[in-house]
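Below is one structure, written out as structure tokens, with a few remarks after it.
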Amino acid sequence: MAAAWARLFDGTGMVGELEVARAAVVQRWRAGAFDLPDFYVLLDPDGWDPTVRHWYLGVLTGAAPSRVIPVRGTDEVPAALRRLPAGRWWPELGRLLEGVERQVPDALVTPEAVAPALLQPGR
């Protein structure tokens, strides 16, 4: 699901890929083939592709903020595991993935992309 979502917003995915992935994931989840983990402990997400990072730190964190724990390196993992927070559980998977194609990842805007007039002092 994360890969299909990232490809959609990176412009490398095929038309309908996200919808097919979502349907397959929800079907497998309803059949009991898997469950969401208690927590996602993300190792060094700053080094990840920005779109994939936003899936976890934007989409999933938005659904259950206390369930996604970023750590900077392997040294931080034991401490992060010792202090896992309590918090709301994941929403039902179908609801979590509903409208996910409209959850646009953060984008970096470079100065070159901004109209030159907006960069002038006093504006």
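Of all residues in the range 45-54, those satisfying the criterion of being without any contact (Cβ under 8 Å) to a residue 40 or more places away in the chain and either under 20 Å from Trp89 (Cα atoms) or out of contact with any Lys or Arg (no Cβ under 6 Å at 6 or more places or on another chain) (or both) are Asp46, Gly47, Trp48, Arg53.
The set of residues in the range 106-123 that are assigned to a loop (DSSP other than H, G, I, E, B) and either loosely packed, with under 10 Cβ neighbours inside 10 Å or modelled with pLDDT of 90 or more (or both) comprises Leu108, Val109, Thr110, Ala115, Gln120, Pro121, Gly122, Arg123. Among the candidates Gly47, Gly11, Gly32, the residue that is of a type outside the set (Asp, Glu) and within 16 Å of Gln103 (Cα to Cα) is uniquely Gly11.
The set of residues in the range 1-21 that are assigned to a loop (DSSP other than H, G, I, E, B) and over 12 Å from the mean Cα position of the chain (by Cα) comprises Gly11, Thr12, Gly13, Met14, Val15, Gly16.
The values are calculated or read from the model by the stated rules, or taken from the named source; none is laboratory data. These figures come from a predicted structure and were not determined experimentally. Heads up, the Cβs are rebuilt from the backbone with ideal geometry, glycines too, and the neighbour counts pull from every protein chain shown.
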